[in-house]
Each structure stands twice: as structure tokens, then as C-alpha cells.
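Q: What follows is a structure written as C-alpha cells; I'll ask about it next.
The values are calculated or read from the model by the stated rules, or taken from the named source; none is laboratory data. As the structure is a computational prediction, the values presented were derived from the model and not from experiment. Glycine gets a Cβ as well: all are built from the backbone with ideal geometry, and neighbour counts include every protein chain shown. Ligands, DNA and RNA are excluded from the accessible area calculation, which covers all protein heavy atoms including side chains. Shrake-Rupley method; radii C 1.70, N 1.55, O 1.52, S 1.80 Å.
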Amino acid sequence: MWCETFSDTVIEHFMAPRNAGSMPDADAEGNSGDPDCGDSLTIYLKVKDHVIEDIRFMVFGCVAAVATSSMTTELAKGKTLDEALKLTDQDIVEALGGLPENKLHCSVLGESALKDAIQNYLAKTE
Amino acid sequence: MKKRVYADNAATTRLSRPALDAMMPYLTSEYGNPSALHTMGREAKLALERARNQTASVLGAVPEEIYFTSGGTEADNWAVKAAAELGKNKGRHIISTQIEHHAILNPLLCLEAQGFEVTYLGVDAQGRISLKALRDAIRKDTILISVMAANNEIGTIQPIAKIGKLAKEHKILFHVDAVQAIGHIPLDIQSAGIDMLSLAAHKFGGPKGAGALYVRKGISLPSQIQGGGQERNLRSGTENVAGIVGMAAALEYRNARMGSHMEKVLLLRNRLIEGLLRIPNARLTGDLLNRLPGIASFLFEGVEGESMVMMLDLHGICASSGSACASNGHESSHVLKAIGIPRQLSHSSLRLSLNEDNTDEDVDHILEVLPSVVARLRAMSPVWNGSRENY
Ligand SMILES: Cc1ncc(COP(=O)(O)O)c(C=O)c1O
Ligand code: FES
């Protein structure tokens with residue numbers, strides 16, 4: 001999904017990000033991006049009975065990166081790990097009402113950090 | 001209405017009143033083609049030549065040395081490529097700097113692909129080139145030195161007169177990209193030994209899409225656009241009469257008030273810099289002394305530039321950032337890299353650029369909003385290790 005400029009949803013999530021902040025007692029965390037390239041996302045998970053009970057993020061990145069991170073956590077919260085693993089960047093972009101073409105890569109940040117966090121959790125608990 | 005503060009005058013400026021007034025007739029009743037023989041054509045032609053006289057007189061040049069272009073980019077392209085064409089039998093070496101605008105860097109890349117060799121001089125931490133490095137870079141086959149008068153991202157002013165002297169000693173053509181400098185700081189083409197100079201109207205209160213290239217008499221400039229023979233057959237195409245008239249009016253207006261404008265803008269800018277440097281881990285980029293009056297450029301550790309610009313915009317403040325995300329194939333600012341800023345930090349840049357339209361209230365508003373914007377973004381930044389309190 002593509003649009004000319006930022007959707008209202010993107011702006012709204014950028015100005016009031018959901019679940020922003022760190023989580024010192026997280027069960028697992030996942031990372032994506034590279035601060036040297038100007039984008040870096042960390043997602044923290046609290047998991048109970050295979051369900052994402054709480055989720056937080058910390059982001060260094062553009063407007064779309066902030067909105068993507070916020071939306072990713074909103075979509076993942078309350079889902080089982082299996083469901084959350086199936087979330088794609090496409091789902092995130094759609095939930096945001098689209099992203100400008102040169103910003104589509106920002107949505108990958110959310111998907112990868114979430115997957116990384118879940119995989120780290122599974123690796124730890126196996 | 002929500003307060004709006006325009007602090008992006010290095011990107012472009014508001015059309016000044018005298019420029020608009022001067023343009024108005026040529027946008028309405030005086031629409032003749034300057035090449036036409038009839039009264040309306042002759043009137044337009046006269047307006048064009050009046051504008052050429054005004055521009056020349058402000059620059060300390062003669063009218064035959066002024067060629068109108070579509071802006072700074074075209075003037076830069078023309079100058080660099082013309083110098084290469086003129087000099088190619090003498091040599092194929094060009095000297096420029098690592099911090100030029102892309103309107104210079106990209107034409108130079110084209111020339112490199114055609115077999116020219118370019119030395120890009122590095123700069124110190126303040127963004128100034130070293131005259132010794134320039135002297136060392138000069139070779140027998142050097143045909144052009146192109147150095148910007150002042151940088152658009154960090155505002156650093158180069159020692160243009162000293163560079164011009166070196167160029168003259170070695171009989172090398174000297175081009176100056178003065179797009180950010182003209183109308184903002186005094187620049188004497190004659191005493192600085194400048195052979196070619198680019199300017200753009202919209203940076204000093206003129207309209208967008210008008211600019212000029214100054215070319216010292218005696219240099220037989222190759223043509224830029226071929227066609228109906230306008231601009232002494234070197235830059236064809238029906239002239240942007242209103243734009244050119246507006247440019248000349250803006251230039252004259254600015255120039256007459258340069259001293260008082262500089263004083264006013266400097267006071268505003270210094271207050272802005274002082275206030276913003278109170279933010280922890282904030283850093284000024286560029287040279288404190290050799291600096292354009294209007295430019296305040298910073299790094300705010302831990303905060304990404306684009307998100308800063310956007311959050312400021314949502315608070316009514318127009319600013320800009322040289323930072324671009326490299327995950328998208330773009331490189332982050334070549335200027336910040338040249339002054340030695342580490343890659344991650346270079347994504348944390350913010351430029352606020354003021355001019356005489358700005359007020360004390362504008363500065364107050366920025367000083368009120370920006371610290372909390374930085375704090376809010378730092379509060380969720382994984383690369384910020386400092387305090388997460390609100391400032
Ligand atoms: C130093 C410098 N050179 C050249 C240009 C290009 O001017 P224009 O956009 O008018 O073509 C700019 C404008 O951003 C500039 O700042
Ligand atoms: S993360 Fe690269 S532009 Fe958004």
C-alpha cells in the first residue's frame with residue numbers, strides 16, 4: 001500500500017506513540033536497524049502462556065519508523081507468539097493507512113524487531 | 001491561529017515586498033516577449049536590461065558579465081562544465097571541496113566520468129578548507145578551482161579572497177558558488193579575484209526559478225542552451241522577465257540594508273544558539289566566527305533529525321535536517337561527514353535558518369518548543385544514554 005504523504009494515522013502514532021519506553025524486566029528483547037544508518041528499533045516483550053502480555057519499544061528513526069514501531073506493538077499486544085510471528089510489514093503498513101514509497105522500508109523495522117524478540121524468547125525458554 | 005515560525009530561510013525565503021512590487025507589472029500588463037520588436041517587447045527588453053544593470057552594480061560587475069539562469073543549480077552546472085570545456089586543452093585537473101552543494105558535486109562527477117580528475121579538498125572540524133592544502137593540490141594541469149562562499153548546512157564561510165589570490169597567482173579559473181552568501185554577507189568579486197560566481201534569487205527574497213552566473217569579461221563562455229539566441233546566444237529561451245526583475249529588486253533591497261539586517265539576524269541567531277546549547281549533549285556545527293549570520297546548525301545526540309523536524313512542524317516551526325536515513329540507499333550528510341561527525345551522530349542534525357523577517361517572538365517560540373521535542377524523542381531513543389527528564 002502506497003500513498004503520497006503521511007496518513008493521519010501515521011502522524012497520530014508519531015505524535016502519541018503507543019507502548020513507547022523501555023522494560024527493565026522484559027522476558028526478551030529484539031533489535032533491528034542500524035543506528036549508523038539512522039534507524040534502530042528495540043522491542044521488549046513480556047510473555048505469559050505463549051501470549052504477548054505486554055510490549056514496549058525504543059526507537060531512533062524517522063517519522064515512519066516511530067509510527068511503525070508504535071503500530072507494531074499495538075498489533076502484537078495480546079496475540080499468541082505464533083500469531084505475532086505471522087505479522088508482516090505489509091500488515092503494519094496497511095494498519096497505518098499506507099506509507100510514502102520511500103518510507104516503505106521503515107515498516108520492515110517493526111516486523112524484524114518483533115520476530116527477533118519472539119525468537120529470542122523461544123530460544124531462551126526452550 | 002497557531003503561531004507559525006519559519007526558520008528554514010537557507011532552503012528558501014519569502015518573496016520580499018519590493019521584489020513582488022517590481023514583478024507585478026510583468027506578471028500582469030507588461031507581458032511582451034523581450035525579443036519582440038513592438039512596444040511591449042521593447043518594454044520587456046528594457047526591464048531585463050535594467051535588471052542586468054542593477055545586478056551588475058550590486059555585484060561590482062559590468063552588465064555584460066551577467067548571464068541570467070533558472071537558478072543556482074543551472075549557474076553551477078554551467079560554470080563547472082564551461083570551465084572544463086575552456087580548459088581541457090591546458091589540463092584536466094579540477095580542485096573543489098568535499099562540502100560543496102550537489103549542484104557542484106554532481107556536475108563534477110559527470111566530468112570525472114569524462115576523464116577529468118577532481119581533488120576534493122577536505123575541511124577542518126569547523127568546515128574551513130586549508131589554504132596550504134589548496135596550494136599543495138594545485139598542479140600544472142589544474143584548470144579550475146571551485147569553492148563555495150558559504151555552506152548551506154553549517155553556514156561556514158570560506159576564505160574566498162585568499163583562495164582567489166592563489167588562483168590568480170597560478171592563472172587558474174576561480175568559480176564561487178555564492179548561492180548562500182549573496183545578499184547575506186559582503187562579497188567583493190573584484191578584490192576576491194573571482195572569475196565566475198553563481199547566485200539564486202530565492203535565497204535573498206527573490207522568486208524561485210531565477211538566478212545568475214557572473215562571468216568575468218574576457219572569458220569566452222561556451223553556450224549552455226542552444227536555441228533562439230537569448231543571453232548573447234549563450235543561454236537561449238524566452239527570458240523569465242518577471243523572475244529576473246524580481247531578483248534584481250530583491251538584490252538591490254537586500255544589499256542596501258545588509259548592515260542592519262546582518263546585525264538584527266546575528267542577535268536573533270546568537271540568542272537561539274545560546275538558548276539551545278543549554279540542552280544537554282547539544283552541539284553547534286560549523287564555525288562560530290566565520291559563519292553566515294542566519295544559520296544555527298546543531299547536533300542533538302540521540303535524536304533522529306527527520307523526526308525532530310516533523311515534531312517541530314507539528315508545533316508550527318519550519319526547520320530542516322541534513323540527516324537522511326541510509327537504509328534507503330541515501331548517504332547521510334556529506335558535509336557532516338567531512339567535518340568529522342561520526343555516522344550515527346550525523347543523523348541527529350537540525351538546521352534553523354533565520355533572516356530579517358524573523359522576530360524575537362520566533363526565537364522565544366523555538367526556545368520554548370525545541371528542548372521538549374528533544375526530550376520527548378530522547379525518552380524513547382535506544383541510542384540515548386543520558387538523562388530522560390524533560391528539560
Ligand atoms: C550552496 C548552494 N548551491 C546551490 C544551490 C542550488 O540552488 P537552486 O536550488 O536555486 O538551484 C543551493 C540551494 O539549495 C545552495 O544552497
Ligand atoms: S527508517 Fe529509513 S527512512 Fe524511515
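Q: What accessible area, summed over both chains, is buried at the A-B interface (1.4 Å probe, Å², nearest 100)?
A: On the way: alone 6310 and 16990 Å², together 21230 Å².
Chains A and B together bury roughly 2100 Å² of accessible area.
Q: Sequence gap at least 6, Cα distance under 8 Å: using those rules, report the relative contact order of chain B to the nearest whole percent.
A: Values: 785 pairs, mean separation 82.8, N = 391.
It rounds to 21 percent for chain B.
Q: Figure the gain on full extension for residue A:102 and residue A:86 (residue separation times 0.36 nm, minus the Cα-Cα span) and round it to one decimal in nm.
A: Full-extension gain reported as 3.3 nm.
Q: Hey, what does the equivalent ellipsoid look like for chain A, semi-axes from the Cα gyration tensor as sqrt of 5 times each eigenvalue, largest first, whole Å?
A: Numbers: eigenvalues 111, 41, 32 Å².
Square roots of five times the eigenvalues give 24, 14, 13 Å.
Q: What is the Cα centroid distance between segment B:1-58 and segment B:261-331, reported in whole angstrom?
A: 31
Q: Another question about this same structure. Need the full-extension length gain, residue B:217 to residue B:28, defined as separation in residues times 0.36 nm minus the C-alpha distance. One decimal, nm.
A: Working: separation 189, 0.36 × 189 = 68.04 nm, distance 3.50 nm.
So the extension gain works out to 64.5 nm.
Q: Go ahead and run the numbers for FRET between residue B:132 and residue B:385, Cβ-Cβ distance against an R0 of 41 Å, rounding to 0.05. Mind showing how you got there, number by number?
A: Values: r = 39 Å, r/R0 = 0.95.
So, using R0 = 41 Å, E works out to roughly 0.55.
Q: Quick check on the protein assembly as shown: of the DSSP beta bridges with both residues there, what percent are antiparallel, nearest 5%?
A: 65
Q: Right, something else. With just the Cα atoms defining each centre, how far is segment B:178-206 from segment A:83-126? Give it in Å.
A: When both Cα centres are located, 50 Å separates them.
Q: For segment B:70-151, what does the accessible surface come to per residue with a 1.4 Å probe? Please give it in Å².
A: Values: 3270 Å² over 82 residues.
So segment B:70-151 comes to 40 Å² accessible per residue, rounded to a whole number.
Q: Give, in whole angstrom and from largest to smallest, the semi-axes √(5λ) of the equivalent ellipsoid of segment B:1-160, with λ running over the eigenvalues of the Cα gyration tensor. Don't jump to the answer; show the numbers that get you there.
A: Numbers: eigenvalues 256, 114, 37 Å².
So the equivalent ellipsoid measures 36, 24, 14 Å along its semi-axes.
Q: Collect residues whose amide H, placed 1.01 Å from N in the peptide plane, falls under 5 Å from the amide H of residue A:39; neighbours closer than 5 in sequence don't count.
A: Distant-sequence amide H within range of residue A:39: A:34.
Q: Shifting gears a bit: Quick one: with all protein chains in place, what share of the accessible area of chain A is carbon or sulfur, to the nearest percent (1.4 Å probe)?
A: 49
Q: Something else about it: Translational diffusion coefficient of the protein assembly as shown at 4 °C, 1.567 mPa s, Stokes-Einstein with Kirkwood Rh over Cα pairs, in µm²/s as a whole number. Can you show the working numbers first?
A: Values: Rh = 25.1 Å.
D = 52 µm²/s.
Q: As a test of the formula, what do you get for chain B when each DSSP H run with n ≥ 4 contributes -39,500 (n - 2.57) and the sum is divided by the residue count, at 222 nm and rounded to the nearest 500 deg cm²/dmol?
A: Working: 12 runs with 150 residues, N = 391.
So the helix-based figure for chain B works out to -12000 deg cm²/dmol.
Q: Largest first, how would B:279, A:11 line up by accessible area (1.4 Å probe)?
A: Per-residue accessible area, sorted high to low, gives A:11, B:279.
Q: Any chance you could check the Cα centroid distance between segment B:227-246 and segment A:1-78 for me, in angstrom?
A: Comparing the Cα centres of segment B:227-246 and segment A:1-78, I get a distance of 53 Å.
Q: Right, next: Based on DSSP H runs of at least 4 residues, each adding -39500 (n - 2.57), what is the mean residue ellipticity at 222 nm of chain A after dividing by all its residues, to the nearest 500 deg cm²/dmol? Please report the intermediate quantities before stating the final value.
A: On the way: 5 runs with 56 residues, N = 126.
Estimated from H runs of four or more residues: -13500 deg cm²/dmol.
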